[in-house]
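S.K.: Encoded as structure tokens, here's the structure I'll be asking about.
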Amino acid sequence: MKAKTISNGILRAIFTLIIIAIILYLLYQIQSVIVYIIIAAVISLTGAPLVQFLRHRFKFNDSVSVIITMLLIVGSFVGLILLFIPLVIEQGHNLSLLNIEKLQGNFNNVYLEVSNYLESKHIVLEKSLEDYHLLSKINYSAIPDFLNSILSGFGTFSVAFFSVLFISFFFLKDRKLLENSFMVVVPENKKHRVKKSLYTIKHLLSRYFLGLLIQIFILFVIYAVVLSVFGIDNAIVISFLCALLNLIPYIGPLISAILMIALTLSSNIENEFSVALSTTVYVLIGFVFAQFIDNFFSQPIIFSRSVKSHPLEIFLVIIIAGILFGIIGMVVAVPTYTAIKVILKEFLSENKIVKLLTKDL
């Protein structure tokens with residue numbers, strides 16, 4: 001009898017593992033759909049306050065409030081694309097197949113300007129750069145190929161875009177849709193506590209995403225002022241792009257700095273290199289000032305008031321998530337950590353560590 005019990009337990013364990021493996025395989029196959037749902041959930045959390053405002057302030061019904069909110073979201077996205085068109089047109093002619101020689105000439109001119117300027121300061125570039133002719137070995141034709149690959153993915157992007165919009169509409173229209181779908185798999189005796197956790201998570205994440213919008217706006221204003229003062233072309237577009245990249249913790253600001261330096265230099269390429277270099281240095285000082293404001297004022301206020309976590313706590317969470325899951329892990333670290341904290345407080349509130357981490361929730 002004991003052997004039969006053991007064998008039944010082994011069979012059940014094997015069966016359970018097979019079921020789990022099948023579920024994981026199915027989730028892997030529909031990972032794009034899961035990503036659509038996650039993005040739609042973020043949009044619904046961000047747009048929910050506006051929908052509620054339209055309902056209570058202007059007495060619109062649910063459908064009208066959601067339609068207006070979705071139109072504003074789509075309009076903002078289209079406006080963002082239209083903002084980038086001048087920058088793409090201006091820079092794109094240098095990247096076309098017909099202008100490879102011109103592009104290569106521009107890079108060579110920049111190299112010569114840098115070399116001449118450093119020589120005037122009695123600084124000699126490493127001789128190996130000339131010996132190996134690194135600039136001549138750059139494959140400039142790879143740039144148009146890269147752009148062609150981007151265009152080929154436009155169809156996939158269109159499907160993703162409209163799928164996210166469709167899902168977001170119903171998430172906003174029926175606030176209980178996502179919650180009810182999740183509650184189907186929750187045991188009956190846990191439903192009340194899970195509902196309470198979901199409500200808290202939605203409230204905190206809505207405030208967090210709105211806080212991120214404010215953070216982006218502050219950086220955008222500072223960047224735009226700095227670039228406009230020094231007469232950089234397409235200052236508004238560059239500022240918004242660099243501010244948007246700040247959503248990627250720690251790595252985003254670094255990419256923004258490189259992008260801002262490159263575009264500032266390209267904007268001043270017709271001037272003397274000493275002038276272009278000094279302008280770039282001033283722009284970089286403005287960038288550092290913006291990052292100082294963001295790191296020591298904007299972010300602490302957002303994290304403490306929205307997700308109620310200490311900045312050092314958030315720093316460690318983002319670093320760990322980045323090590324484990326890369327850039328995507330860093331982006332979703334704060335929302336995921338907030339959700340975990342809320343759930344732990346609801347179900348393990350007596351644990352000392354949980355009490356310490358969730359004392360401000």
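The values are calculated or read from the model by the stated rules, or taken from the named source; none is laboratory data. What you see is a predicted model; the values in this text were computed from it and never measured. So basically every Cβ, Gly included, is an ideal-geometry build from the backbone, and we count neighbours across all protein chains shown. Note: areas computed on protein heavy atoms with side chains; ligands, DNA, RNA excluded. Shrake-Rupley method; radii C 1.70, N 1.55, O 1.52, S 1.80 Å.
S.K.: Just to be sure I understand, how many residues within the range 303-333 are open to solvent by less than 20 Å² (accessible area, probe 1.4 Å) and in contact with a Lys or Arg (Cβ under 9 Å, 6 or more places away or on another chain)?
M.R.: Residues flagged as open to solvent by less than 20 Å² (accessible area, probe 1.4 Å) and in contact with a Lys or Arg (Cβ under 9 Å, 6 or more places away or on another chain) within the range 303-333 amount to 3.
S.K.: Let me ask something else. Do any helices (runs of 4 or more DSSP H) entirely within the range 185-292 hold 2 or more residues that are hydroxyl-bearing (Ser, Thr, Tyr) and surrounded by 14 or more Cβ atoms within 10 Å (Cβ to Cβ), and if so, which? Please lay out each step first, then the result.
M.R.: Values: elements: 191-229, 235-245, 251-267.
Because the criterion is at least 2 residues that are hydroxyl-bearing (Ser, Thr, Tyr) and surrounded by 14 or more Cβ atoms within 10 Å (Cβ to Cβ), the helices (runs of 4 or more DSSP H) in the range 185-292 that meet it are 191-229, 251-267.
S.K.: Please work out which one of (1) in contact with a helix residue (DSSP H, G or I) (Cβ under 9 Å, 6 or more places away or on another chain); (2) free of Cβ contacts under 8 Å to residues at least 40 places away in the same chain; (3) more than 13 Å from Tyr250 (Cα to Cα) is the condition Phe289 fails and give its number.
M.R.: Condition (2) is where Phe289 drops out.
S.K.: If you don't mind, there's one more thing I want to ask. Within the range 307-361, work out how many residues are basic (Lys, Arg) and modelled with pLDDT of 85 or more. Break it down stepwise before answering.
M.R.: Filtering the range 307-361 for residues basic (Lys, Arg) gives 308, 341, 345, 352, 355, 359.
Of the ones still in play, those that are also modelled with pLDDT of 85 or more are 341.
Here the count works out to 1.
S.K.: Given (1) touching a Leu at 6+ places or on another chain (Cβ under 7 Å); (2) surrounded by 19 or more Cβ atoms within 10 Å (Cβ to Cβ), where does Glu179 come up short, assuming only one miss?
M.R.: Among (1) touching a Leu at 6+ places or on another chain (Cβ under 7 Å); (2) surrounded by 19 or more Cβ atoms within 10 Å (Cβ to Cβ), the lone unmet condition for Glu179 is (2).
S.K.: Suppose the filter is within 21 Å of Thr338 (Cα to Cα) and surrounded by fewer than 20 Cβ atoms within 10 Å (Cβ to Cβ); does Lys173 pass it? Give the steps one after another, and end with the answer.
M.R.: Numbers: within 21 Å of Thr338 (Cα to Cα): no; surrounded by fewer than 20 Cβ atoms within 10 Å (Cβ to Cβ): yes.
Judged against the criteria, Lys173 is not a match.
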